[in-house]
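Input: a single structure, listed below in structure tokens.
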Amino acid sequence: MAYSFYSRYTASDSNARAFFYLLHMLKNKTRSLKEIKKEEKKNRKIKTLNRSNFCESIMETMINFKLMIVLSLCLVVRLTQAKDIQYCDKKAQYGVEVKGVEISPDPVARGKTATFSIAAATDKAISGGKLVIDVSYFGWHIHSETHDLCDETSCPVSIGDFVVAHSQVLPGFTPPGSYSLKMKMYDGNKNELTCIAFDFDIGFASSVADS
């Protein structure tokens with residue numbers, strides 16, 4: 001009986017140890033699976049974040065590239081349209097200050113309309129006057145013309161900023177090359193308000209009608 005009791009006790013104890021061992025293994029396995037899933041989830045988040053950062057970096061690069069192109073084009077257009085101007089007399093105190101000149105198109109095309117826009121400012125109101133234009137070709141004076149100021153801008157001109165715009169179609173036979181233009185502005189009493197000079201180019205291209 002003692003042997004039988006001892007055998008049953010030993011068997012039960014062994015089963016208990018086996019049961020707890022299996023239970024321990026299951027817990028470890030469950031913990032390992034949870035850790036693996038947690039690690040996979042963490043890796044997915046990192047990959048998603050990296051992918052998002054990569055896309056944002058690409059978008060930022062594209063935006064910066066587009067901005068650079070736009071700014072470059074604006075700069076090119078500005079450089080091709082705006083002209084350096086010089087006052088005929090640098091010591092004179094002109095009543096009209098010229099801020100800039102823009103030419104469209106630039107270079108001027110033969111047989112097509114060219115527009116000269118002159119941005120200026122006056123410290124006195126101007127009721128009327130004249131514009132006298134002289135053109136030189138490689139230093140040789142070749143042309144002069146006079147225009148009513150009120151035909152080139154709105155009169156009367158109030159104190160402040162205003163624009164003088166002169167448009168003209170150059171004949172198709174006009175020689176291409178570099179030209180110089182001098183413009184004098186007079187008021188109704190023939191007082192010189194300003195005098196400026198700037199260069200412009202006439203290209204080789206011409207319209208079909210004038211070719």
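Residue check: is residue 178 surrounded by fewer than 18 Cβ atoms within 10 Å (Cβ to Cβ) and at pLDDT below 95?
Yes; evaluated as a whole, the condition is true for this residue.
Considering only residues of region 108-131 that are crowded, with 16+ Cβ neighbours inside 10 Å and β-branched (Val, Ile, Thr), which is farthest from residue 86 (Cα to Cα)?
By that ranking, first place goes to 126.
The values are calculated or read from the model by the stated rules, or taken from the named source; none is laboratory data. Keep in mind the model is a prediction, meaning the values are calculated, not measured. A quick note on method: Cβ atoms are made from the backbone with ideal geometry, for glycine too, and the neighbour counts reach across all protein chains shown.
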